[in-house]
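So the structure is just underneath, and the comments pick up after that.
The values are calculated or read from the model by the stated rules, or taken from the named source; none is laboratory data. All values reported here derive from a predicted model rather than from experimental measurement. Quick reminder, even Gly has a Cβ in these numbers, built from the backbone with ideal geometry, and neighbours come from all protein chains shown.
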Amino acid sequence: MKMVDNAYIELFNSFLEQNKSNIMPYISFESGQLDKKTKQALIQKLTEVSVEITGIPKELFLVSIKEIPDDDIAVGGKTVTTMKKELNEQKNT
């Protein structure tokens with residue numbers, strides 16, 4: 001593990017030297033519940049696109065996914081839980 005840590009530190013220091021700034025990008029993504037495969041795809045694509053746009057090495061990006069329970073998200077005054085329940089009731093009638 002120490003080799004990985006040293007390689008990371010060398011990359012980070014090299015990047016800082018070249019760019020004369022303290023850049024360590026942080027990407028935060030908030031959503032409802034996601035499965036593991038979707039989260040992995042998000043992490044990969046968010047990092048990939050950010051590297052393409054900024055030119056910052058992918059090893060310097062920190063990506064965080066925050067899953068918010070359906071009871072804690074509301075649209076138009078209704079929680080996602082309520083909206084899902086109403087949609088299911090409409091389907092069954």
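Listing for the model above:
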read-out	value
Some residue of segment 66-73 being touching a strand residue (DSSP E or B) at 6+ places or on another chain (Cβ under 6 Å), at pLDDT 95 or above and part of a strand (DSSP E or B)	yes
Residues located in segment 55-68, provided they are in contact with a helix residue (DSSP H, G or I) (Cβ under 8 Å, 6 or more places away or on another chain) and either touching a residue at least 12 places away in the same chain (Cβ under 8 Å) or among the small types (Gly, Ala, Ser) (or both)	Ile56, Pro57, Glu59, Leu60, Phe61, Val63, Ile65
Only one of Gln18, Gln33, Gln40, Gln44 that is at pLDDT below 95 and part of a helix (DSSP H, G or I)	Gln18
